[in-house]
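The values are calculated or read from the model by the stated rules, or taken from the named source; none is laboratory data. Keep in mind that this is a model prediction, so the values were computed, not measured. Because the Cβ atoms are built from the backbone with ideal geometry, glycine has one as well, and the counts that use them run over all protein chains shown.
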Amino acid sequence: MDIELRKNLLEAFEGKLTKTISMYLETCSRCGICTTSCHVFNSMPRPEYSPAARAEVVRRLYKKYFKLQGKILPSLGEAKTLDDTALDDLNRAAYSCTGCRRCMTHCPFGIDTQQIMSIAKLMLVVAHAEPEILSMLADVSISKGESIDLIKQGFIDGLKRLEDEVIEKWKIEAGQIPIPTEVKDADILYVALAGAHSIIPAAAVFNAAQENWTLSFFEAVNFGAFVGDPSKTKLIMDRIINEAKRLNVKEVCICECGTAFRVLKQMSGKQSFKVSSITQVHARYIREKRIKVEKNIFKGTITYHDPCQMARNGGVMDEPRYILNHLTDNFTDMSKKPEDNWCCGGGGGLVALGDDTHDFRMKSAKVKADQVKATHSSMLVTACENCHSQLSDLNKYYKMDVDVKFLTSMVADSLIKDV
Amino acid sequence: MDTLNYIILVPMVYISFAVFASGIVYKVVSILKKPALPIPLKIFPEKKPVWLHVLKDTFLMPMVFKAKPVMWFFLIVFHLSVFFLIIGHIELVHVFSIFQIIEHEIFLGKGFVGLALLICLIYFLFRRFSSEARNLSVPEDYLLLILLLLTVILGSELDWARTWFDFGEMTPGEYQTYLTSLLVLKPDISEVTYSGHSFMLVFHVFFANLFIMFFPFSKMMHAIFTIPLNKIRRG
C-alpha cells in the first residue's frame, strides 16, 4: 500500500476517534454474546459475521496504530497492519453489516457496531474502494441540491401527472392544489422518495387532514449515510434543511425511509422546525380525528416489520401499531417486544446495491423470513422503502406468501370521506 | 530467594499500583480529551429513569440473561466474588466496621468465594476454546484469564489451608502487618515469608502484580467504561 494512502487512511481513522468510539474500541471483551443478536450470523453462522468479528477488523488496526500495544507487542491483540488485504477485510465487514444495531441491545457494554463500521466505510471512501454506485447516487443527490432551479419545472410538470391519482384517493376542493410545492410558511414540508408510490398516498392523506403542507423538491434518501461519507451525508441533509428554512415550515415530515428519518432527526442539530416520520404524522391525524380510516378493508392476519432506523434507532414503535389497530382487528406482532424484531437484511446500502448483494441479502435474512412465517400472516406491512424492497425479495426467495405493503398506502386506501 | 521474594512483595507491588493508577488516569484522560460524538446513540424504547436503567444494565446485565442465561449466571457469580474478595483484601489491611455488618472472619465466605471465582474462571477460559468466542479471542483474552486463574488458585489455597484445614501459619494478622507496612512505606515482609508455604503468597502477589499492571492497557478497562457506555445506550 502506498505510504501516502496509508497516511490518509489513518488520518481519516483518527478523525473518527471520538470519546464514544474510543471507548467502544477499548472495551470489547470478545465475549461473543453479540452473536445471538445479528441476523447475518444467525442466518449464516460464520465467524466473520458476528458483530464483534466485524468490529475486530477495525479494532486490530486501532491497536496497531493508536495503542502502545501495537508498537511493543502487536501479537497480544493480533494488531493488524493497514495494507490492501486490510482494505478487503474492511469492505467485507462494512458491507455485511446493515447497521441495524440489534447487537447493541445484547452487548453488556452497548457497543455500537454501526459506529465502528462507519470508520471502515470512511476508510473505504478515502481509498476510493467503496461501492461506486452508492457514491454516484450520493453525488447525484448533491448536484440536484446545487442546481435545483434547473430541475424544478420538470419536477412540477411530473407532479401534474400524479394529481389525478391523488384526487382519486381523496377529492380536494376546487382551486386546491393536490400536490403543492413552494408553499411558504407551510406547517409541514413533506420529503418523499423519487417515486409516485411515495408521493400519491401521502398527498391524499395530507389533503384529507386538510394539512397546510408542501412537497419538497428533494428526495429523502441519504446515500451519503449509506456509503459512510460524512460530508456527503451532511450535504444531502442540508438540501432539506435549507429548503425547510427557506419556506419557514414548522415541521419536516420524512417519508417511509428509515435512514433519512434518523439522519434528519438526530444529525440536523437544533433547528426551528421539528422532524417527524410520516408514520408519526398519520398516527397524530387519527388520534386528533383529522382523518378517519375504515377498519378491516384489508383481510387476513396482518403483521408489521419495524424498520430498524425508525424503531430501535429512531423510537417510532408505538405509532405504526396504533395505526394498524385502527385499520384491522387482525394485527399480530412478530415478537413480544418490537426491539427484538430482526432486521430485514436490506439496510446500510445493501438494497441500493441491487443484484450485487442479492444473494447475500437473501441468505443473511433467513431468520427474518422465519420470523414472518411464524406469524402466519397474509399481509406484511412496513414503513420503509428499503425494508419493503428487501421484504419483497425475501417474499419471493423464501415463499413467505405474504402481500408486502407500505403503511402509508394502507392509510390512504382506508380513508373515509366523512370526518 | 530472599531477594526475589522481597522484589516481588515490595517494589513490584509499588510499581504495579503506580502503573495501575497512572495507567487508568492516562487512559481516562486520553478518552476525555477526544471530541464528543455530536449525535445521540440511544436505543429505543426509552426507559426512565435513565440512571436506574443504566445501573441495572451495568450490574444486572439483563441483556446477557436474555441471550445467554448460563453465561449470565457465571458473570454474576464472578463479579460478586471479585467484590467480596476486594472487601476481603481491604480487611487484610484494616477491618472497617461497615464491612462487619455481616459479622465474619476474614475472608467472608470461608473459602467458598474463592472456589466460586475459580470455577467461573475455568468456565470463562474453557468457553474460549469451544464457543463462538474462540474465533474472536486474541492472546490478550487468554493471558488475562490465565493470570487471574493463577492468582486466584494460589490465593484461594492460602485461604483454604487456613479455613478448611486449620493450617495455623500466616494468619490475617500477619498479612495485615505486611500490607500495612507497605502502605506506610516501611515495608516488612518478615511475617509472611517465614513459612514453608510463603512461596504461594509470593506467586499470588507476583501474578496479581502482572494482572494489575496489565489492567489499564487491556479490555479490563471495561470496569471504568461500562457505566458511561450504558449511559450512552440509554440516552
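Against the numbered list (1) free of Cβ contacts under 8 Å to residues at least 40 places away in the same chain; (2) more than 14 Å from chain A (Cβ to nearest Cβ); (3) within 30 Å of A:ARG30 (Cα to Cα); (4) surrounded by fewer than 19 Cβ atoms within 10 Å (Cβ to Cβ), B:ASP166 comes up short only at (3). Would you check if there is a residue in segment A:95-117 being among the small types (Gly, Ala, Ser) and either assigned to a helix (DSSP H, G or I) or more than 30 Å from B:MET61 (Cα to Cα) (or both)? Looking for residues that are among the small types (Gly, Ala, Ser) and either assigned to a helix (DSSP H, G or I) or more than 30 Å from B:MET61 (Cα to Cα) (or both), one finds none in segment A:95-117, hence no.
Residue-wise test of (1) more than 14 Å from chain A (Cβ to nearest Cβ); (2) in a helix (DSSP H, G or I); (3) within 29 Å of A:ARG30 (Cβ to Cβ).
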| site | (1), (2), (3) |
| --- | --- |
| B:PHE74 | no, yes, yes |
| B:HIS79 | no, yes, yes |
| B:ILE90 | yes, yes, no |
| B:ILE98 | yes, yes, no |
| B:HIS104 | yes, no, no |
| B:GLY109 | yes, no, no |
| B:ALA116 | yes, yes, yes |
| B:ILE119 | yes, yes, yes |
| B:ARG127 | no, yes, yes |
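Annotation: of all residues in segment A:296-333 being within 18 Å of A:VAL367 (Cα to Cα) and crowded, with 20+ Cβ neighbours inside 10 Å, the one that is farthest from the chain's Cα centre (by Cα) is A:THR303.
Segment A:213-283 holds helices (runs of 4 or more DSSP H) entirely within its bounds, and those carrying 2 or more residues that are within 23 Å of A:ILE200 (Cβ to Cβ) and either in contact with a Cys (Cβ under 8 Å, 6 or more places away or on another chain) or in contact (Cβ under 8 Å) with a residue 12 or more places away in the chain (or both) map to A:230-247, A:258-267. Scanning segment A:57-94 for residues that are closer than 22 Å to B:LYS27 by Cβ and of a type in the set (A, V, I, L, M) yields A:VAL58, A:LEU61, A:LEU68, A:ILE72, A:LEU73, A:LEU76, A:ALA79. Checking segment A:47-54 against the condition returns no match, with no residue being away from chain B (no Cβ under 13 Å) and either within 16 Å of A:MET117 (Cβ to Cβ) or in contact with a helix residue (DSSP H, G or I) (Cβ under 7 Å, 6 or more places away or on another chain) (or both). Checked against (1) in contact (Cβ under 8 Å) with a residue 60 or more places away in the chain; (2) more than 23 Å from A:ALA225 (Cβ to Cβ), A:ARG287 passes all but a single condition, namely (1). Among the residues of segment A:132-142, not a single one is closer than 21 Å to A:GLU48 by Cα and either within 14 Å of chain B (Cβ to nearest Cβ) or over 17 Å from the mean Cα position of the chain (by Cα) (or both). Apart from one condition, A:LEU82 fits all of (1) more than 10 Å from chain B (Cβ to nearest Cβ); (2) without any contact (Cβ under 8 Å) to a residue 60 or more places away in the chain; the exception is (2). Could you list, in sequence order, the residues of segment A:1-21 that are in contact (Cβ under 8 Å) with a residue 12 or more places away in the chain and either facing another protein chain (nearest Cβ under 8 Å) or not in a helix (DSSP H, G or I) (or both)? Residues satisfying the conditions are A:MET1, A:LYS16, A:LEU17, A:THR20, A:ILE21. Among all residues of segment A:199-218, there is at least one that is over 26 Å from A:ASP157 (Cβ atoms) and touching a Phe, Trp or Tyr at 6+ places or on another chain (Cβ under 7 Å).
Given the criteria touching a residue at least 60 places away in the same chain (Cβ under 8 Å) and either farther than 22 Å from A:GLU256 by Cα or among the small types (Gly, Ala, Ser) (or both), does A:ILE142 qualify? When the stated conditions are applied, A:ILE142 does not pass them.
Pairing each residue of segment B:176-190 that is within 16 Å of B:ILE106 (Cα to Cα) with any residue that is assigned to a helix (DSSP H, G or I), provided the two are 6+ apart or on different chains, yields C-beta distances under 7 Å for B:THR177/B:GLU191; B:TYR178/B:GLU191; B:TYR178/B:VAL192.
Within segment B:1-46, the set of residues being assigned to a helix (DSSP H, G or I) and within 14 Å of another protein chain (Cβ to nearest Cβ) comprises B:VAL19, B:SER22, B:GLY23, B:ILE24, B:TYR26, B:LYS27, B:VAL28, B:VAL29, B:SER30, B:ILE31, B:LEU32. Only one of the numbered conditions (1) under 17 Å from the mean Cα position of the chain (by Cα); (2) more than 22 Å from A:ILE33 (Cα to Cα) is not met by B:ILE119, and that is (2). Just name the residue that is surrounded by the most Cβ atoms within 10 Å (Cβ to Cβ) out of those in segment A:43-86 that are hydroxyl-bearing (Ser, Thr, Tyr) and in a helix (DSSP H, G or I). The qualifying residue surrounded by the most Cβ atoms within 10 Å (Cβ to Cβ) is A:TYR62.
Applying the criterion of being within 26 Å of A:TYR65 (Cα to Cα) and within 14 Å of chain B (Cβ to nearest Cβ) to the residues of segment A:90-102, the residue that is surrounded by the fewest Cβ atoms within 10 Å (Cβ to Cβ) is A:ALA93. Of all residues in segment A:366-419, those satisfying the criterion of being of a type in the set (Asp, Glu) and farther than 20 Å from A:THR328 by Cβ are A:ASP370, A:GLU385, A:ASP393, A:ASP418.
In segment B:179-235, of all residues being out of contact with any Pro (no Cβ under 8 Å at 6 or more places or on another chain) and of a type in the set (S, T, N, Q), the one that is nearest to the other protein chains (Cβ to nearest Cβ) corresponds to B:ASN230. Being buried (at least 19 other Cβ atoms within 10 Å of the Cβ), farther than 27 Å from A:ALA93 by Cβ and without any contact (Cβ under 8 Å) to a residue 40 or more places away in the chain is the filter here, so list the residues in segment A:350-391 that pass it. Result: no residue meets the conditions. Identify all residues within segment A:22-42 that are more than 7 Å from chain B (Cβ to nearest Cβ), in contact (Cβ under 8 Å) with a residue 40 or more places away in the chain and either at positive phi or not in a loop (DSSP other than H, G, I, E, B) (or both); write none if there are none. Matches in segment A:22-42: A:TYR24, A:LEU25, A:CYS34, A:HIS39, A:VAL40, A:ASN42.
When the residues of segment B:58-94 are filtered to those that are closer than 13 Å to A:ILE33 by Cβ and among the charged types (D, E, K, R), which remaining residue is surrounded by the most Cβ atoms within 10 Å (Cβ to Cβ)? Explain how you work it out, then say what you get.
If we filter segment B:58-94 for residues that are closer than 13 Å to A:ILE33 by Cβ, which is where we start, we get B:61-72, B:74-75.
Then keep just the ones that are among the charged types (D, E, K, R); that gives B:66, B:68.
Details: B:LYS66: 16, B:LYS68: 20.
Among those that are closer than 13 Å to A:ILE33 by Cβ and among the charged types (D, E, K, R), it is B:LYS68.
Restricting attention to segment B:199-214, the residues that are touching a helix residue (DSSP H, G or I) at 6+ places or on another chain (Cβ under 6 Å) and among the aromatic types (Phe, Trp, Tyr) add up to 4. For the criterion of being assigned to a helix (DSSP H, G or I) and away from chain A (no Cβ under 11 Å), B:VAL70 passes.
Scanning segment A:118-166 for residues that are outside any helix (DSSP H, G or I), surrounded by 13 or more Cβ atoms within 10 Å (Cβ to Cβ) and of a type in the set (Gly, Ala, Ser) yields A:ALA127, A:ALA129.
Considering only segment B:199-208, I want to know if a residue exists there that is over 20 Å from the mean Cα position of the chain (by Cα), surrounded by fewer than 19 Cβ atoms within 10 Å (Cβ to Cβ) and at pLDDT 90 or above.
Yes, the conditions are met somewhere in segment B:199-208.
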